[in-house]
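Below is one structure; the comments refer to it alone.
Taken together, the values in this text are just the output of simple stated rules run on the coordinates, not laboratory data. If you're wondering where the values come from, they're calculated on a predicted model, not measured in any experiment.
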């Protein structure tokens, strides 16, 4: 019994070290996280990722503003999932969330250990939360307008030198 516990502990420890590295895109590959721009839960996740990604490896885009891009790559356009685009590949549902965690700072990378859970199980939980997210977390009437330096991390403002708030003018 003790030996079995030690094997399980060693497996988890190796997973915490190796999984994040295996899920990271090749060096120089941008990660674009496309999210439901009116979903409060999704918006909170974007803030969480931005705060936990000091190297600024992840950029963002509200799906409502980029439906043509999503359709062109074959991703869903019904706002039912996060879409993580890395190079010429994209990831959906729990895989998008966990791959996003892989490029974040420690300790958040540790959450990649959930890739050990089979994706059908992870995605069932993801879809349940996604289905009820508006009822539980609410939604806004329109997509957020990012300000300051955070604005530069959004696809729609990528080449804009203006980091002022377009509404407040500051």
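Things worth noting here:
- Net lengthening on full extension, residue 124/residue 77 (0.36 nm per residue, minus Cα-Cα): 15.0 nm
- Gain upon complete extension [residue 145, residue 56; 0.36 nm per residue less C-alpha separation]: 30.2 nm
- Contact order for the range 88-127, expressed relative to its length and based on alpha carbon pairs under 8 Å spaced 6+ residues apart, stands at 43 percent.
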